[in-house]
Each structure stands twice: as structure tokens, then as C-alpha cells.
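Colleague: Before I ask anything, here is the structure I am working with.
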Amino acid sequence: MNKTGHHMFALDEAAVAYALAAENVVGNDASFVNANPAVVPVFVSMLFQSLEISIKHAGIESGLFTMQEARSKQNRSGHGVKELAALAVEKLGGVPYNPIIMAMTFSNTGDRSAQFIREMICGKALEKTRATYASRRLGYGEVYEGDFATIEPLGEWIASVKQTALNLSKTAEILSQWRRSASKSKHFAIWLRDQ
């Protein structure tokens, strides 16, 4: 095999890749995941991995936190999206989780996109799923019934996570503006340039 060089994937590329992989698992048949319970942990983990990487990328690119801070914050649970979101909000101020959810879904087209991302970050229905995902038990075959839940409709959930990953440059711009603002308001107006 010929190797022409090493390509290290950027975080934003990896976030999109996990969302695309989850989308491919479902394909044109949303019932596939529910009809094949063994696929559920893998499918859900791909969506959580995409969101985790999206939050890391947006936080690092906007200067909100460093990779070291992100890793330090996550040491308790390994790979917690809730902990990463809390770190971002701690740096931004505002009502818990609202700033990061608003920034990450601002450019998404789905009406319920923010709901899906909020549920993944801090919703009660996915509390056990977040903990199981963060523990990385999937890799050790230690998954039990009820450890991974899904959000219906699956197509909208996938689209929300995928759009969040695809819009990371806008998310980073929003977070950068918010971080640089001298205002202590919990509400924030942003201006995005057309690209």
C-alpha cells in the first residue's frame, strides 16, 4: 500500500463525519434502528460523538477554552457533552446551557433543532444515555437494556446534529463575538457576515 502522507482530520471534519455515519446507518429506512436493537448504541454514540466534537471545536476555535481545559473538565466522566457545554457557559455567562445551544443551532434550519441539541446536552430523557456514552462502556460490551435511548423522529435528530456540525464556523464566530462583548446581558445580538 502506498502512503502519500498523513492527513490529520480537524475536529470539525470529524464532527461532520460522525453525523454522516449516523445518517448512513439509517439511510432511507428510519425503522432500521428500532428494528435492530444492537445498532442503537452505535447509532446513538455516533450522534453524541459528533456533538461532543462540535462543542470542543466551537469552544477552541472561538477562544473560549483550550483543548487542555476541555479534557480537564471532562476527566470526571470521560467524554461528557454536558460537562463541555457547562464549561462553555461558564466562560460565556448566561442561563445554564442556553448560550451554547443558541450559538450551535443559530444557523440550523430545523424548527426543533435546538430542542434536540438541548435534550442531548441536558435533557432528562437522555440522562442515562449521556452517562453511558461518556463512560465509553460501548467499547467493552458492557451495554445493558435501557442504557441508550433515541429521540424521535430519528431523521430530524440526525439532521439537527449534522447541521450543528456543518455550521461550526458560524458557531465559533457567534461565540467569539459573545466572548469579546463587554456586555453582562444574558441576551446577545450578533452580526454574521455573508460568506
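Colleague: Which whole-Hz ³J(HN,Hα) couplings does the stretch 12-21 yield from phi under the Karplus relation 6.51 cos²θ - 1.76 cosθ + 1.60, θ = phi - 60°, glycine and proline marked x?
Modeller: These are the phi-based 3J(HN,Hα) values: 5, 5, 5, 4, 5, 4, 5, 5, 5, 5 Hz.
Colleague: Could you work out how far helix 154-166 tilts from the main Cα principal axis of the chain, as a 0 to 90 degree angle to the nearest 10?
Modeller: 40
Colleague: Based on Cβ point charges of +1 for Lys and Arg and -1 for Asp and Glu, what charge dipole magnitude is obtained for the chain about its Cα centre, in debye rounded to the nearest 20?
Modeller: That gives a dipole near 760 debye.
Colleague: Could you work out which residue, out of Ser50, Ser62, Ser181, moves most in a Gaussian network model of the chain, that is, has the largest mean-square fluctuation with Cα springs under 10 Å?
Modeller: In the Gaussian network model the winner is Ser181.
Colleague: Right, next: If the reach is capped at under 18 angstrom between alpha carbons, list the aspartates and glutamates near Lys82, excluding any in the same chain fewer than eight residues apart.
Modeller: Output for Lys82: Glu52, Glu69, Glu90, Glu119, Glu127, Asp147.
Colleague: Test of understanding: ordering Met120, Met46, Met104, Met8 by Cβ neighbours within 10 Å, fewest first, what list do you get?
Modeller: Met8, Met46, Met120, Met104
Colleague: Here's something else I'd like to know. Ser31 versus Gln177, label points 7 Å from Cα toward the beta carbon: distance in nm?
Modeller: A separation of 4.5 nm, rounded to one decimal place.
Colleague: To continue, here is another question. For the chain, just run the numbers: alpha carbon Rg, then divide by 2.2 N^0.38 Å, N being how many residues it has.
Modeller: Taking N as the residue count of the chain, the ratio is 1.03.
Colleague: Moving on. Over the alpha-carbon set of the stretch 32-128, work out the extent along each principal axis and list the three values in angstrom, largest first.
Modeller: On the principal axes, the stretch 32-128 reaches 42, 32, 23 Å in Cα extent.
Colleague: Filter the trypsin sites (Lys or Arg not before Pro) in the stretch 55-162 down to the DSSP loop ones having no more than 16 other Cβ atoms within 10 Å, then list what survives.
Modeller: In loop regions of the stretch 55-162 (DSSP not H, G, I, E or B), the sparsely surrounded trypsin sites (Lys or Arg not before Pro) are Arg76, Arg136.
Colleague: Where does the stretch 91-132 land on Rg/Rh, using Cα atoms and the Kirkwood Rh?
Modeller: Rg divided by Rh gives 1.00.
Values quoted throughout were computed directly from the atomic coordinates according to the rules given, and no laboratory measurement underlies them. Small disclaimer: the values here were computed from a predicted structure and weren't measured. No Cβ is skipped: glycine too gets one built from the backbone with ideal geometry, and neighbour counts run over all protein chains shown.
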